[in-house]
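Following: one structure in structure tokens, then a few remarks.
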Amino acid sequence: MAHVVGPIPLDSELLITAINEFYTTTDEQRRHEIDTILIRFKTEYECVQTVGACMRIISQPTSSSSVRYFGTVALYDVIRIRSEECIANQTLQLSLKTFLIDSLTSGAYAQTTSILNKLSASLALFALYCVPDLWLTPVEDLTSLLAGTPEILLKVLSDMAAEFSHVSMPLTQRSKLKGELHKFSENIIQVLAVVLRGGDTSSITKQSAVECVEQWLRLPGMALDQWTQVLSDVLGAVVQDWFAISFSASVNYLFPFSTALASILDIIAENDEFHRYSTLIINICQYICVHVSSKIEEELKDDATSEEIATLVASTCSVAEKSVSTLVECAVQGGDSELITRLSQVMQVLANMQGQYPKEEIVSDIPSVYFISLRTEIVQTMNSTRVDEQFIAKIGQIYAQMLDVAINKLTFPRINLWLTWNLEEREQFESYRKTRSEVSYDSYNFSAAETLNYLNQKLEEALSSGDINTSEACLFQWECVADYLAETDYPSILKCLEMCAAPGLSVSSTVLSSGALDCDFDRRGATLMRLLYALSHLIQEHDRANELECALIPVILTYVSPAVRSVRQSIDTLQKFVEDRPDSLEVVGDQISTTCYEFFNTPNVRDTDRLAALKCIGYVLSRKHPTETMKIIGQILSHQNIDEPGIDNQTRHRRYAFQINTFSALFSSLTNKKGTPTATNPGTTDEEPTIVQLLREAIPVFETLCSGGSGLDGNNSGNLIQEVCKAVRSALTSLPEQYLPLFFPFVVSLLNSALFLPESAVAACALAKSTVLQCGSLVGVDMANAFAQWVQLFEQQTGSTQIDEYLQLIYQVVRKNWKMIMKFPEPSMAAFRSAIKICSCIIVSSSVPTEVRSASQILAALSTYAISNNDTAMKTTFAEEGPMLIRAVFGRIQGELMRATVEALADILFFYFKEFTTETRALISTEPYGSSALITSMFREIGNPRNFKQQTIRFNLAAVRDPGSVAS
């Protein structure tokens, strides 16, 4: 077998033997060896020899079908990968063309379908490589030669379009070929018209015609308008033949009409020009209403879970959705609303498909995109044009009917049935509800009051009958429309809230004491909480807000229990109602505190949920006197048993973290909202505010952790210090301004260690930014000294992984607080010198783009400050560091950078070019490209910062894209 491929002439008999052995051997290693030989056969012989061998093994009658199929595949591959050789040799070109045509005509009867399909693809691919220079009129010639076998003709013509994506040639040649194919489309259309309008055309031929249309319409840039009539013929043929027969000379098999129709409709919908052809849109939509809809309904009666029918429905809806704009325009401007109404009714039938999704049907979600587009288009049109009221009424009625059915369709099955569904079916149903979630909003847009009243009616009926899942579906529809409601909807909203506050939707203590809440109850509770959350802004703005909150908050509290799986949703809803410290807390505050405290003290629930409940307590306590509040907080903190003997480090770490987060939650919730007067406002007494007293309580705990007194290892200790930084930042945000200097020393002490621990550096930098912003103007020189100390220490950390965080801290201070820092010359200049050294080092050596950007922006901001304020000291320092800094910036700007980095570097260069022109020119002239025309242009623009920056950007682009052009 080693002689099959080698320097000696190709032996077809040995090749056939090798192919037969490849298909018959059971030795995997031998099969691999032969496969390698057969692959080499396609490339290592002269093209004439390879093509000749392929022709012989295809034509040899005694060859097995496997051998002949290999020959057709090999011939196709040779044409594809060695096309230039195939067409360069005129004799080979003519021989190959003749062989392929003869094989598809006189020899077709002896070949299998797979062989014929590959021969057709080979001829089509060969023709594409010959167009236009070597074969001017392939479509006309093939039509003449293959007219006696229309199925084969249509297959070859179809493959000409399909193989275009497989053609490998230069872009210019490919564009030329595409233009030629567009010209051929006229001949293709003529052939298709003859075939489809023939009275005795077989189903097989019609199927071939459909496939041909599909492929030609998929060609890039193919215009739909010239295909309008052919599309009508094709769609008519598809409807007439419920089943079409695929192209085959020896094996026939049935092909559902839905597949062919779905493909055609998909191609139409995907065409970018479809929306431009109003006539085609109207014809297609009429076709859908008259023919497609009835066929779909018949198929769905037999099997509403058929994937093939679902595909057809999706294609139909896609075309319908793309047609909405044109059809609405016809209805509004042309006064013809019949078609859009009929199409909407067709879509409605699909959306209202009977049966449980996805067990009994899988199509009712597909029309959702059509109805959303229709609603959007009509609403936009109504905002700018007068629309016929009868048309709006008809469409509104369709949406109302869909809402009626949707309540049942979106209702969860009872728990005993739900538990029998597998995970995929449950996920499909939950996704289905999201897909159809806008049905209530759709209906609301056309009849707002009627929609909400209907939802209230259905909710009342469901609650009266004790139907948990139907009432949940009604609440779900309310939730989906809640974000769009306004004050005009208050009557319906109040009716809904009245039912929400009724005992039927609360969770009784008896149910909770029996264990975990039933799945259906829990789901309804979660939906109710989301609805109340969505309506909260309307409730809080209503004249009866206090009354409504006092009625609804107790209902919410019944769901704040470890027995409720969706308890976090309940706590979030409660927090939404109490975070503004409303007056209703005077009535229900104690109830909130009691319920949330019980939940907070439950150890087997998630810490994040416990802390969220604690924040709700904090909102209530923020209305009480500090003395009373601190007494209650003392009780809360007394349960933190951190130093319990015998606990492991992991438990101790968790308890410390929880205690820190407890302080953080209280810091963020205890401060009374500004501008909210209350009868017990602590500001009316001489007592320190609660937040001040609480921070005093927290500082010893924080200091213990920061000094290593927690007994934990360094990594865990660092993680806790990070949480301390977050908590202290929360406290600073809440502290009254006059108390900030009091705690400033503690904050600086914390930052002096936290800034330089890898685990806490990010949180510490965030705290440092807040400290400078809030305390800087109050403590003056102390803040400047602290900042200078930090920056000087950062200078020793330029290789740290946290350097970008340090740079961002410096950049914020330079941008927002530099004037304050500069009031104190000694620390400000110390910080300035260290910042320059840090940034220069980063610009020279860092490979991290964000670090380079931050360093550049710092120096750009400092240089701009020096110019605008004519700061002599800063200019002098810049001059001292000039040689190093200019070289660093000039070298970096010649590499690939973010746009923001280039602009910042341009500002630095502008400073030196403007303030130290002679020195900078002399220094840069010694650098690579320092004497280029672009640099000369930059020097000419030192009087115009904007033009200078544009020249710098040009220099950067030239250096990156074409370094040779910089030197010219």
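A quick yes/no check of all residues on (1) surrounded by 14 or more Cβ atoms within 10 Å (Cβ to Cβ); (2) free of Cβ contacts under 8 Å to residues at least 12 places away in the same chain; (3) aliphatic (A, V, I, L, M); (4) part of a loop (DSSP other than H, G, I, E, B):
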{"residue": "Leu96", "(1), (2), (3), (4)": "yes, no, yes, no"}
{"residue": "Asn117", "(1), (2), (3), (4)": "yes, no, no, no"}
{"residue": "Ser120", "(1), (2), (3), (4)": "yes, no, no, no"}
{"residue": "Tyr129", "(1), (2), (3), (4)": "yes, no, no, no"}
{"residue": "Ile152", "(1), (2), (3), (4)": "yes, no, yes, no"}
{"residue": "Thr172", "(1), (2), (3), (4)": "no, yes, no, no"}
{"residue": "Lys176", "(1), (2), (3), (4)": "yes, no, no, no"}
{"residue": "His182", "(1), (2), (3), (4)": "yes, no, no, no"}
{"residue": "Val195", "(1), (2), (3), (4)": "yes, no, yes, no"}
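Glu308 - would you say it is among the acidic types (Asp, Glu), over 19 Å from Leu261 (Cβ atoms) and either surrounded by fewer than 19 Cβ atoms within 10 Å (Cβ to Cβ) or in contact with a strand residue (DSSP E or B) (Cβ under 8 Å, 6 or more places away or on another chain) (or both)? Spelling it out, it is not the case that Glu308 is among the acidic types (Asp, Glu), over 19 Å from Leu261 (Cβ atoms) and either surrounded by fewer than 19 Cβ atoms within 10 Å (Cβ to Cβ) or in contact with a strand residue (DSSP E or B) (Cβ under 8 Å, 6 or more places away or on another chain) (or both). Every listed requirement among (1) under 24 Å from Cys775 (Cα atoms); (2) within 41 Å of the chain's Cα centre (by Cα) is met by Ala831 save one, (2). The residue of region 379-393 that is nearest to Arg342 (Cα to Cα), among those that are in contact with a helix residue (DSSP H, G or I) (Cβ under 6 Å, 6 or more places away or on another chain) and at pLDDT 90 or above, is Phe391. Residue check: Phe412 meets all listed conditions (1) touching a residue at least 40 places away in the same chain (Cβ under 8 Å); (2) in a helix (DSSP H, G or I) but one, namely (2).
For the structure I just gave you, tell me whether Arg530 is over 20 Å from Val578 (Cβ atoms), touching a Ser or Thr at 6+ places or on another chain (Cβ under 9 Å) and part of a helix (DSSP H, G or I). Show your work before the answer.
On the way: over 20 Å from Val578 (Cβ atoms): no; touching a Ser or Thr at 6+ places or on another chain (Cβ under 9 Å): yes; part of a helix (DSSP H, G or I): yes.
Taking the combined requirement at face value, the residue does not satisfy it.
Among the criteria (1) of a type in the set (A, V, I, L, M, F, W, C); (2) in contact (Cβ under 8 Å) with a residue 40 or more places away in the chain; (3) out of contact with any Leu (no Cβ under 6 Å at 6 or more places or on another chain), the one Phe41 does not fulfil is (2).
So, in region 791-818, how many residues would count as being part of a helix (DSSP H, G or I) and modelled with pLDDT under 90? Total satisfying the criteria: 1.
For (1) crowded, with 24+ Cβ neighbours inside 10 Å; (2) farther than 24 Å from Arg899 by Cα, each residue gets a yes or a no:
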{"residue": "Gly799", "(1), (2)": "no, yes"}
{"residue": "Gln808", "(1), (2)": "no, no"}
{"residue": "Lys816", "(1), (2)": "no, no"}
{"residue": "Arg833", "(1), (2)": "no, yes"}
{"residue": "Cys839", "(1), (2)": "yes, no"}
{"residue": "Val844", "(1), (2)": "no, no"}
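Just one of (1) under 30 Å from Gln380 (Cβ atoms); (2) surrounded by 15 or more Cβ atoms within 10 Å (Cβ to Cβ) fails for Phe429. It is (1). Quick one: count up the residues across region 613-665 that are closer than 18 Å to Glu697 by Cα, modelled with pLDDT under 90 and of a type in the set (Val, Ile, Thr). The qualifying residues number 2.
Would you confirm, using the coordinates I've provided, whether Ile867 is assigned to a helix (DSSP H, G or I), surrounded by 23 or more Cβ atoms within 10 Å (Cβ to Cβ) and either β-branched (Val, Ile, Thr) or not assigned by TED's automatic domain parsing to the domain that holds Glu941 (or both)? Show your work before the answer.
Numbers: assigned to a helix (DSSP H, G or I): yes; surrounded by 23 or more Cβ atoms within 10 Å (Cβ to Cβ): no; either β-branched (Val, Ile, Thr) or not assigned by TED's automatic domain parsing to the domain that holds Glu941 (or both): yes.
So Ile867 does not fit the description; no.
Scan region 911-924 and tell me whether some residue there is of a type outside the set (A, V, I, L, M, F, W, C), free of Cβ contacts under 8 Å to residues at least 12 places away in the same chain and in the same structural domain as Arg954 (by TED's automatic domain parsing).
The first filter runs over region 911-924 and keeps only residues of a type outside the set (A, V, I, L, M, F, W, C), leaving 912, 914-915, 917-921.
Keeping just the survivors that are free of Cβ contacts under 8 Å to residues at least 12 places away in the same chain gives 918.
If we keep only those that are in the same structural domain as Arg954 (by TED's automatic domain parsing) too, we end up with 918.
Scanning region 911-924, I find at least one residue that is of a type outside the set (A, V, I, L, M, F, W, C), free of Cβ contacts under 8 Å to residues at least 12 places away in the same chain and in the same structural domain as Arg954 (by TED's automatic domain parsing), so the answer is yes.
Highlighted here are the helices (runs of 4 or more DSSP H) found entirely within region 427-525 that include at least 1 residues which are modelled with pLDDT of 95 or more and on the phi < 0 side of the Ramachandran plot: 439-446, 448-465, 468-482, 490-500. On inspection, Leu157 qualifies as more than 22 Å from Gly52 (Cα to Cα) and either crowded, with 18+ Cβ neighbours inside 10 Å or in contact with a Phe, Trp or Tyr (Cβ under 6 Å, 6 or more places away or on another chain) (or both).
Considering the conditions (1) at pLDDT 85 or above; (2) part of a helix (DSSP H, G or I), Lys206 is excluded by exactly one of them, (1).
For Gln390, the conditions (1) without any contact (Cβ under 8 Å) to a residue 60 or more places away in the chain; (2) surrounded by 22 or more Cβ atoms within 10 Å (Cβ to Cβ); (3) farther than 30 Å from Glu273 by Cβ; (4) not β-branched (Val, Ile, Thr) are fulfilled apart from (2).
Taking region 131-150 as the range and being within 25 Å of Asn89 (Cα to Cα) and part of a helix (DSSP H, G or I) as the test, the residues that pass are Pro138, Val139, Glu140, Asp141, Leu142, Leu145.
Selection of region 395-417 for residues being closer than 16 Å to Trp478 by Cα and surrounded by fewer than 19 Cβ atoms within 10 Å (Cβ to Cβ) yields Ala400, Asp404, Val405, Asn408. Within region 889-900, one or more residues are under 43 Å from the mean Cα position of the chain (by Cα), part of a helix (DSSP H, G or I) and either among the hydroxyl-bearing types (Ser, Thr, Tyr) or under 19 Å from Ile942 (Cβ atoms) (or both). What residue, among those in region 544-574 that are more than 16 Å from Val605 (Cβ to Cβ) and of a type in the set (S, T, N, Q), is surrounded by the most Cβ atoms within 10 Å (Cβ to Cβ)? Ranking the candidates gives Thr573 first.
Taking into account only those residues within region 537-552 that are in contact with a Leu (Cβ under 9 Å, 6 or more places away or on another chain) and part of a helix (DSSP H, G or I), which is nearest to Leu485 (Cα to Cα)? Only one residue fits best here, namely Leu538.
Can you tell me which residue is nearest to Arg655 (Cα to Cα) among those in region 602-627 that are basic (Lys, Arg) and assigned to a helix (DSSP H, G or I)? So that I can check it myself, show each step before the final result.
Applying the first criterion (basic (Lys, Arg)) to region 602-627 yields 606, 610, 615, 623-624.
Now restrict to residues that are assigned to a helix (DSSP H, G or I): 610, 615.
Working: Arg610: 13, Lys615: 18 Å.
Only one residue tops the list, namely Arg610.
The values are calculated or read from the model by the stated rules, or taken from the named source; none is laboratory data. Bear in mind that the values here come from a model prediction, so they are computed numbers and not experimental data. Please note: Cβ atoms are built from the backbone with ideal geometry, for glycine as well, and neighbour counts cover all protein chains shown.
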